[in-house]
Structures are given as C-alpha cells and as structure tokens.
1. Only one residue in GLU44, GLU9 is touching a His at 6+ places or on another chain (Cβ under 7 Å), under 26 Å from SER162 (Cα atoms), crowded, with 21+ Cβ neighbours inside 10 Å and in contact (Cβ under 8 Å) with a residue 60 or more places away in the chain. Which one?
2. For region 66-157, give me every one of the helices (runs of 4 or more DSSP H) that falls completely inside it and has 1 or more residues that are open to solvent by 60 Å² or more (accessible area, probe 1.4 Å) and touching a Ser or Thr at 6+ places or on another chain (Cβ under 7 Å).
3. Could you give me the residue pairs with C-beta distances under 7 Å whose first residue belongs to region 79-99 and is farther than 10 Å from PHE5 by Cβ, whose second residue is more than 14 Å from the ligand (Cβ to nearest atom) and among the aromatic types (Phe, Trp, Tyr) wherever it lies, and which are 6+ apart or on separate chains?
4. Output yes when any residue across region 47-56 is surrounded by 14 or more Cβ atoms within 10 Å (Cβ to Cβ), touching a residue at least 24 places away in the same chain (Cβ under 8 Å), farther than 21 Å from LYS155 by Cα and among the charged types (D, E, K, R), and no when none is.
5. Taking the condition modelled with pLDDT of 95 or more and closer than 11 Å to PHE140 by Cα, does ALA189 pass?
6. Which condition breaks for GLU22 when tested against (1) buried (at least 20 other Cβ atoms within 10 Å of the Cβ); (2) in contact with a Ser or Thr (Cβ under 7 Å, 6 or more places away or on another chain)?
Amino acid sequence: MRGKFIVIEGIDGCGKTTQIKEISEWLPNSGLMHKTSKIIKTREPGGSEFGKKLREILLANNGINDPDPLTELLIYSADRSEHISKVIKPSLNRFDWVISDRFCDSTLAYQGYGRGLDQQIIKQLENIVCQEIKPDLTIFLEISPEMSIARRENKIPDRIESEGIEFLQKVNEGFKLIAKEKNWEIISASQEIKKVSAEIKDSLLKHFR
Ligand code: TYD
C-alpha cells in the first residue's frame, strides 16, 4: 500500500501549472483521498533541492549553455533520480498523493522524439532511475505546437522553449504516440480552462473512485 502518483504531461504552454494548482485544491475534498494523506505538488526538472540547481543548468538560455543531447539526457535523468529518491518515493510511502508536472515520458518525447536520441538508451536509463516507481495515472494535455507558441508570445523562452516549431512538432507527435501506446487520459487543452479542469476531475474520479 502506498499513496497515488499522478503525472501531467504536454508541450510547453498546455496549461499544466494552472491545472495542477486547481486539482491539488480540489482533491483533498473530492472523497478520493484518505483524510491523513497530503498532496505533494512537484515538477521535473527541479523537483528536489539538488534538482533546482540542475533545472537552472538545463534551462538557462544564455547562448553559452549548449549541451550535447546525450549530456542533456543524463542531466534530466540525474534530476529524476534525485526527485524519486528524495521526494516521490518518501511521499508515496507516507500515503501522500504526488502530482508531478512532467515525468519520464517528457524525456522520451523531448530527448527521444525531439532530439532523436536512441529510444532504447532512454528506456534503459528510465529502468535504472525509476526502479518500481510508475505513475498510477498520466494525463496528457494536448494543444497544437502553433497554440503553444502563441500562448508563450510574451514570455522569455527558456533553452528548450527556444528550439522552435519544428522541434515542438516532433515532441508533440511523440507525446501523441506515447499517449496512445500507454493508454493515457487525453484531454484537449485548447478548451476553456474550466472545461479542461472539469475533464481532469472526471478522469480522476473514474480512475481512483
Ligand atoms: P517546464 O517546467 O514544463 O517549463 P515551464 O516551467 O516553463 O512551464 O519544463 C521545462 C522544460 O524542460 C520543458 O521545455 C520541457 C523540458 N524537458 C525535457 O526536455 N526533458 C525532460 O525529461 C523534462 C522533464 C523536461
């Protein structure tokens, strides 16, 4: 017996942060959680103390920061290893509910489909890093790459966000394939925020009731 592990995936600008805030406020009174369980909101990269430093290294968009794709993969994996051992595992063992903004499949989508790295290497690393930790539910918030870019028009892009539309198209196609293969909950995130929240809540009720 342990807590539940929920992951929200999708390309940049799909509204993960807003939706995670909404469901983490709703879940404690949803009747799904035990009264003594807590909600742990977290994210990748940067879900642990050490990982916050790795997040800075990964996302700094300063023109100097240009890691080789394999180096990038290893840093995302190191961040995940620390996140799992220091945050996710201990929380699940305390029966808490963990909601993570991104997890392993972001690596498959961005470094695998986006950067074109060998997916077998990515999966091997995933096995080493994740051990027995797997999401109980992954929700994919789907938007088009065009909408992703339009929504971020006034935001300074981080290193990954500045890759441009072709990269984002590959990542998005990757996410769609993974979502189908793994039978994720797919929710259209181009709808009104409230409608997206309602659909997420429905799928949580369906899965955990
Ligand atoms: P995110 O926190 O979603 O960005 P923001 O806070 O701006 O919404 O994610 C940071 C970036 O890292 C995002 O562009 C996706 C990328 N990323 C990968 O390339 N591989 C990974 O394994 C993960 C977890 C994220």
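The values are calculated or read from the model by the stated rules, or taken from the named source; none is laboratory data. This is a predicted model, so every value here is computed, not measured. Cβ coordinates were reconstructed from backbone atoms using ideal geometry, including for glycine residues, and neighbour counts include every protein chain displayed. Side chains included, ligands, DNA and RNA excluded: accessible areas come from the protein's heavy atoms. Shrake-Rupley method; radii C 1.70, N 1.55, O 1.52, S 1.80 Å.
1. Unique residue meeting the criteria: GLU44.
2. Those helices (runs of 4 or more DSSP H) span 145-151.
3. That search, which allows pairs on different chains as well, returns GLU82/PHE50.
4. no
5. Judged against the criteria, ALA189 is a match.
6. That leaves (1) as the condition not met.
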